[in-house]
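The values are calculated or read from the model by the stated rules, or taken from the named source; none is laboratory data. As the structure is a prediction and not an experimental result, all values here were calculated from the model. Note that each Cβ is placed from the backbone with ideal geometry, even for glycine, and that neighbours are counted across all protein chains shown.
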Amino acid sequence: MAARNRLPPWHEQLRLANGRELLIRPIRPDDAEPLRAGFALLQPDEIRQRFLYALTELSPEMAHRLTHPDTRREFALVAAEPLPPGEALVGAVARAAMNDAGREAEFAILVSRYINGMGLGRHLMRRLVRWAKGRKLERLYGDVLEHNNPMLSLAESLGFRREASDAPGLVRVVLDLKRATAVPPPLPGQGTPPAADPG
């Protein structure tokens, strides 16, 4: 997967192993309808792995919430076609949200099966880790279905450890950011990234 830069902060053009071109960028309000349209293409297992329960549709309210993050506490990226927002299909979403204490953030990543297995989830997770470290957070964590082996393996390969979860069927993975070494150096021309780019 090749990356080309010289773009605004948190923007990257990627070419996946299958030759597909994607633009990673902060989520925008215009992404709401493409997200709702793309949700209808997801398999039930994909939905459960991201939302941890069954959903039949992404409601307008949920889409609005996803596409209007509070940039003081939240960070969300999409991997989309290199087209204007509102026209581009969205193939992946990655999000991190700080807790009330402001010392930890919970992550969630959803990658469509059409572009799964090409390193995009790892790429997005590293961006979330970079954002969390830039905010001087102590931990980044997420709850994962216990049978979601690809996500568990990805997290462990990036230094996350497993913790017991209070919810049956879930595993909590936690990255201690004070000791984390999974984040690559800043991309050329980017330097230390800002807390968020509202796009």
Notebook entry, point to check: Say we look at the range 89-100 and pick out the residues that are touching a Leu at 6+ places or on another chain (Cβ under 9 Å) and either part of a strand (DSSP E or B) or among the acidic types (Asp, Glu) (or both); which of these is farthest from ILE27 (Cα to Cα)?
Noted result: MET98
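So that you can scan it fast, the table gives a plain yes or no per residue for (1) in a strand (DSSP E or B); (2) closer than 23 Å to ARG20 by Cα:
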residue: ALA79; (1), (2): yes, yes
residue: GLY102; (1), (2): no, no
residue: ALA108; (1), (2): yes, no
residue: TYR114; (1), (2): no, yes
residue: ARG127; (1), (2): no, yes
residue: TRP131; (1), (2): no, no
Notebook entry, point to check: Residue check, ALA101 against (1) touching a residue at least 40 places away in the same chain (Cβ under 8 Å); (2) surrounded by fewer than 19 Cβ atoms within 10 Å (Cβ to Cβ), all met but one. Which one?
Noted result: (1)
Note to self: Please determine whether any residue of the range 78-101 is among the acidic types (Asp, Glu) and under 17 Å from VAL173 (Cβ atoms).
What the structure shows: no
Next item on the list: Please enumerate the residues belonging to the range 163-178 that are surrounded by fewer than 21 Cβ atoms within 10 Å (Cβ to Cβ) and modelled with pLDDT of 95 or more.
Entry: VAL174, ASP176
Note to self: Can you pull out every residue in the range 17-44 that is in a helix (DSSP H, G or I) and either modelled with pLDDT of 85 or more or within 11 Å of VAL78 (Cβ to Cβ) (or both)?
What the structure shows: PRO29, ASP30, ASP31, ALA32, GLU33, PRO34, LEU35, GLY38
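Somewhere in the range 161-172, is a residue polar (S, T, N, Q), touching a residue at least 40 places away in the same chain (Cβ under 8 Å) and over 16 Å from ALA94 (Cα atoms)?
Step one: of the range 161-172, the residues polar (S, T, N, Q) are 165.
With the extra rule that they be touching a residue at least 40 places away in the same chain (Cβ under 8 Å), the set shrinks to none.
Scanning the range 161-172, I find no residue that is polar (S, T, N, Q), touching a residue at least 40 places away in the same chain (Cβ under 8 Å) and over 16 Å from ALA94 (Cα atoms), so the answer is no.
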Margin query: Give all pairs with beta carbons closer than 6 Å in which a residue from the range 46-69 that is under 24 Å from HIS147 (Cβ atoms) meets a residue that is modelled with pLDDT of 60 or more and surrounded by 13 or more Cβ atoms within 10 Å (Cβ to Cβ); count only pairs at least 6 apart in sequence or on separate chains.
Written below: GLN49/LEU145; GLN49/ASN148; ARG50/LEU110; LEU58/ARG36; LEU58/PHE39
